[in-house]
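The values are calculated or read from the model by the stated rules, or taken from the named source; none is laboratory data. Since the structure is predicted, the reported quantities are computational estimates derived from the model, not experimental observations. All Cβ positions, even for glycine, are placed from backbone atoms using ideal geometry, and neighbour counts span all protein chains on display.
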Amino acid sequence: MTIQKLFIIIGILSLALSYYRYYMKKGAGFFLNFCQYFLGLLFIFSGFVKAIDPLGTSYKMHEYFESFARDGLAAMWDGLAHFSVSISIAMIVAEIVLGFAIILGYRMRWAAIGLLAINLFFLYLTGYSYLSGYCLTKQAILVPAVLLVILFLAAFVQDYKKRWKGLILISLIVLLYFLYCKMGGGCATCAFDKTKMKVTDCGCFGDFMKLKPWETFYKDIFLTIMSLYVVAFSHKLTNVLAEKRAGLFTWTSWAVATLFCLYSAYWGEPVVDFRHYAVGNDINEKMKEIRPRKADFIFIYKNSTTGEQKEFGMNNLPTDAAWTFVDRKETVIDEGEPAPINNLRFEDLEHNDVSYSILNEDAESYWVVCYDVSKTNMKAFDEKVIPFAKEMRKKGVNIYCMTGISTPEFDKKAGEYMDIVRADGTPLKTMIRSNPGLIKVKKGVVLEKLHYRSL
């Protein structure tokens, strides 16, 4: 699935609903109804795919908070990072509830303001991710945040004429500031370099669909414009259902979404696994490059005798000693497509790479995953994992304890019954949303995954 296909599908559904609403029920305006349904459906879908795996969203929010902390106010952002799971669940539930409220027309003005708030929040995050590739100054990070807050406050103006005029005026100021940054050069300290981008995946659709930073940024600009239009003319939108019935549907969606998020976060593995470590996937295959990167190199040489500088291709480099290398230019022909899993490496306690041997065992083996032992449920580890490991050892089955951050005490305890393996915490967190979690593998193929509550 691509973002273009998703927008087309939601756009078709929105057109059908708008047609019915406008021509059969005498709606407020065809385009206004289209924006209403498009935003509502998209946010319900976006919230749902994240509700399947709220821990994945919390890890992404934690990554944002850590990045913000490096730009200032570290104590505040570090404090928020401790509540990343709660913040993520609240955000996901808000997306779903506001999506239903927008579609049903329930308390339309407040629902539209809420949806605008989420859009502006996402716009800032994705803009920060993408535009950080320009080495933004602190002014370029702070000023847009202030302008977006002012834009949000303008949505509270009661008089609709003053409201839409205020929204247009502040939007123009935001645009002028963007043009000033683009043309004035006072907001960036380097040319765009994608390696300098911070938080290169926004997690907008969880693991269901990965978007490039610039795709998410332009997507959120588009959605913000639609949200501003709905806010400006929200007074024209009326309930699809009676007020009480619309309220019942909306608050029911809140209860269901909250319970579903809590279940997915605390009581089990995601009901649908979009990750590369899903049951049935071959990790060895996922570690292979899909399409190699292609680039053309131009080499710049200087003639020490004449002082002339000249460009040469790879196949016609100068052989005369008078020519000395100066620089190299690269023209990317094809960015290629890297391996879906490109950050997995297993090491033993002596730092030897044991990835190949573990991923190519002919017999079934078990991986006990503890990405950070300071966050591991030690009661579950002692009462469930260790007895299981003892039983597997008796049967001659290999069982590995894979940790990202560990302690000597933990290694000693686990090492009595399991082989200790080190790996980066990021792929370990991605493998299974349980700490500890258990994965059954054979020749690199994932056969089963169990949350510790199910063990």
#### Entry: Condition check for Val385: at pLDDT 90 or above, more than 18 Å from Lys449 (Cα to Cα), surrounded by 12 or more Cβ atoms within 10 Å (Cβ to Cβ) and not charged (D, E, K, R)
no
### Task
Kindly provide the set of residues from segment 36-46 that are of a type in the set (Gly, Ala, Ser) and surrounded by 24 or more Cβ atoms within 10 Å (Cβ to Cβ), ordered by number.
Gly40
### Query
Which number in (1) among the aliphatic types (A, V, I, L, M); (2) at pLDDT below 85; (3) in contact with a Cys (Cβ under 7 Å, 6 or more places away or on another chain) marks the one condition that Ile92 misses?
(2)
### Summary
Considering only strands (runs of 3 or more DSSP E) wholly within segment 304-396, the ones with at least 2 residues that are in contact with a helix residue (DSSP H, G or I) (Cβ under 9 Å, 6 or more places away or on another chain) are 365-372
### Message
Could you tell me how many of the residues in segment 189-248 are farther than 30 Å from Thr430 by Cα and surrounded by fewer than 17 Cβ atoms within 10 Å (Cβ to Cβ)?
### Response
16
### Message
For segment 278-309, give me each residue that is more than 30 Å from Trp323 (Cα to Cα) and among the hydrophobic types (A, V, I, L, M, F, W, C).
### Response
Ala278, Val279, Ile283, Met287, Ile290
### Query
Which number in (1) polar (S, T, N, Q); (2) over 29 Å from the mean Cα position of the chain (by Cα); (3) closer than 30 Å to Thr430 by Cα marks the one condition that Asn342 misses?
(2)
### Query
Given the conditions (1) β-branched (Val, Ile, Thr); (2) exposed (fewer than 11 other Cβ atoms within 10 Å of the Cβ); (3) under 30 Å from Ser434 (Cα atoms), and given that Val373 satisfies all but one, which numbered condition is not satisfied?
(2)
### Task
Name, by its number, the condition in (1) more than 20 Å from Thr126 (Cβ to Cβ); (2) of a type in the set (Val, Ile, Thr); (3) buried (at least 18 other Cβ atoms within 10 Å of the Cβ) that does not hold for Ile9.
(3)
### Query
Is one or more of the residues making up segment 216-227 closer than 30 Å to Gly444 by Cα and in contact (Cβ under 8 Å) with a residue 40 or more places away in the chain?
no
## Note on the structure
Listed by first then second residue, the pairs whose first member lies in segment 435-455 and is within 9 Å of Trp367 (Cα to Cα) and buried (at least 20 other Cβ atoms within 10 Å of the Cβ), whose partner is among the polar types (S, T, N, Q) and modelled with pLDDT under 95, with beta carbons under 9 Å and at least 6 positions apart or on separate chains, are Leu438/Ser454; Val441/Ser365
### Query
What about Gly404, is it among the small types (Gly, Ala, Ser) and more than 33 Å from the chain's Cα centre (by Cα)?
no
### Message
Among the listed residues Ala295, Ala255, Ala265, identify the single one that is at pLDDT below 85, under 29 Å from the mean Cα position of the chain (by Cα) and not in a loop (DSSP other than H, G, I, E, B).
### Response
Ala295
### Query
Taking segment 399-417, which residues are over 21 Å from Ala278 (Cα atoms) and either assigned to a helix (DSSP H, G or I) or touching an Asp or Glu at 6+ places or on another chain (Cβ under 9 Å) (or both)?
Ile405, Ser406, Pro408, Glu409, Phe410, Asp411, Lys412, Lys413, Ala414, Gly415
### Tyr301 being in contact (Cβ under 8 Å) with a residue 12 or more places away in the chain and under 30 Å from Glu448 (Cβ atoms)
no
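Would you check which residues across segment 418-434 are part of a loop (DSSP other than H, G, I, E, B) and either modelled with pLDDT under 90 or surrounded by fewer than 17 Cβ atoms within 10 Å (Cβ to Cβ) (or both) and list them?
Once the filter is applied, which keeps residues that are part of a loop (DSSP other than H, G, I, E, B) and either modelled with pLDDT under 90 or surrounded by fewer than 17 Cβ atoms within 10 Å (Cβ to Cβ) (or both), segment 418-434 yields only Asp424.
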### Task
Identify the residue in segment 304-339 that is farther than 30 Å from Pro427 by Cβ and of a type in the set (Asp, Glu) and, among all such residues, is surrounded by the fewest Cβ atoms within 10 Å (Cβ to Cβ).
Asp320
### Query
Can you tell me which residues in segment 11-60 are among the aliphatic types (A, V, I, L, M), farther than 24 Å from His235 by Cβ and in contact with a Lys or Arg (Cβ under 6 Å, 6 or more places away or on another chain)?
Leu55
